[in-house]
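The values are calculated or read from the model by the stated rules, or taken from the named source; none is laboratory data. Because the structure is predicted, anything quoted here is derived from the model rather than measured. For neighbour counting, all protein chains shown are included, and Cβ atoms are generated from backbone atoms with ideal geometry for every residue, glycine included.
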Amino acid sequence: MAEGRTTHSLMGAASFVLASFSGLLLASLALLAWSLRGWDPPGDEAAYGFGLIMLSFLLVLAEILALGLGVAGTLQRRRKRSFALLGVACSALMLAVILAQVDWVGFIASFSEPIPKVHIVPSGNE
């Protein structure tokens, strides 16, 4: 007699938890960056920027790990795949949001500084 799917995939559950936690961290990181834009922090400003960049980098790594765990959880046989599919969906959605934010920042930055004009000065040897 063939057995049905017994328990949930632990890799799928870990993927869902990690993707959900990373999504909450992304929202809090965006809120923190938005709230700090008009405030001069005490100390070194470059250190705050470096800290935000490192948190963003670790967030992307966590989302990639969650995506990998979710895919591995969906490939397990004789396990329920609902948490694995939720983990894949959440991590793919968060990676798309991160990519959209990075692309949006690049788009805005391209219009923030004027294009420098180059003046060619003749050498006088003509």
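Things worth noting here:
- Residue in the stretch 77-89 that is buried (at least 17 other Cβ atoms within 10 Å of the Cβ), touching a residue at least 24 places away in the same chain (Cβ under 8 Å) and hydroxyl-bearing (Ser, Thr, Tyr) present: no
- Lone qualifier among 53, 98 - being surrounded by 12 or more Cβ atoms within 10 Å (Cβ to Cβ), at pLDDT below 85, among the aliphatic types (A, V, I, L, M) and at negative phi: 98
- Condition met for residue 77 (at pLDDT below 90, more than 14 Å from the chain's Cα centre (by Cα), outside any helix (DSSP H, G or I) and under 18 Å from residue 13 (Cβ atoms)): yes
Every residue, every condition in (1) over 23 Å from residue 61 (Cβ atoms); (2) at pLDDT 85 or above; (3) not in a helix (DSSP H, G or I), yes or no:
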residue: 17; (1), (2), (3): no, yes, no
residue: 21; (1), (2), (3): no, yes, no
residue: 25; (1), (2), (3): no, yes, no
residue: 32; (1), (2), (3): no, no, no
residue: 39; (1), (2), (3): yes, no, yes
residue: 46; (1), (2), (3): no, no, no
